[in-house]
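These notes are about the structure you will find just below.
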């Protein structure tokens, strides 16, 4: 009788252990790291604490570039979706990306064109060399729907180290000489300084009442980025 009882307990514990392992495995597969197609990550960004300088992050770096340069009104936004192309989400973008192979990805091929097929199309400004390299690297690294926390530092708020980078990645695509959204050119320091002094820059990025929220068709700037802009303005919006 005791032997049967011991055998029953062992069998029960074994079953519970197997069930626990199976359940744990299923949970791990649902985190987005198990891969959900060509890019992995599916529709939920894979957030990590701390940013590696050797990694390009979709949420932090790639989506802002595409939003600023490709999804403005009349182009590849939710309403217009020019030529049937909508680039407002990771899932949509991945239709034009071959993860791990930038040279075979339509997204990359159209931004490096030097003729009329280039995107954004002339006379709009082309992606810069650094921006092209960033998109290329992101694709070759697997085109992951990744996100890192901690890349921003409010202690850094000079124009060249912080503000110009934020504006260049998230605003200039809609506010340049070829695409003067709201009649505003943010491609130069003087242009940025003008809206800094009249209050429109901070009012827009902070989504204050009475101002048009910016960036348009893109997520709001992080609290850290907004604070960097605020501190730069408060310090005199210098060209430093």
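Against the test of being exposed (fewer than 14 other Cβ atoms within 10 Å of the Cβ), under 18 Å from the mean Cα position of the chain (by Cα) and under 22 Å from residue 71 (Cβ atoms), the options 170, 216, 220 yield a single qualifying residue, 220.
Anything in the range 122-150 that is surrounded by 16 or more Cβ atoms within 10 Å (Cβ to Cβ), touching a residue at least 60 places away in the same chain (Cβ under 8 Å) and under 29 Å from residue 184 (Cβ atoms)? List them, or say none. Residues satisfying the conditions are 127, 131, 134, 135, 138, 147. Among the residues of the range 102-121, those that are touching a helix residue (DSSP H, G or I) at 6+ places or on another chain (Cβ under 7 Å), without any contact (Cβ under 8 Å) to a residue 12 or more places away in the chain and more than 19 Å from residue 90 (Cβ to Cβ) comprise 117, 118. When residue 87 is tested against (1) touching a helix residue (DSSP H, G or I) at 6+ places or on another chain (Cβ under 8 Å); (2) not in a loop (DSSP other than H, G, I, E, B), exactly one condition is not met: (2). Only one of the numbered conditions (1) touching a helix residue (DSSP H, G or I) at 6+ places or on another chain (Cβ under 6 Å); (2) in the same structural domain as residue 62 (by TED's automatic domain parsing) is violated by residue 186, and that is (2).
Residue under question is residue 212, and the condition is that it be part of a helix (DSSP H, G or I) and over 25 Å from residue 129 (Cβ atoms); does it hold? I'd like the intermediate steps shown before the answer.
On the way: part of a helix (DSSP H, G or I): no; over 25 Å from residue 129 (Cβ atoms): yes.
No, not satisfied.
The values are calculated or read from the model by the stated rules, or taken from the named source; none is laboratory data. All values derive from a computational prediction rather than experimental measurement. Here Cβ is always computed from backbone atoms with ideal geometry, including for glycine, and neighbour counts include all displayed protein chains.
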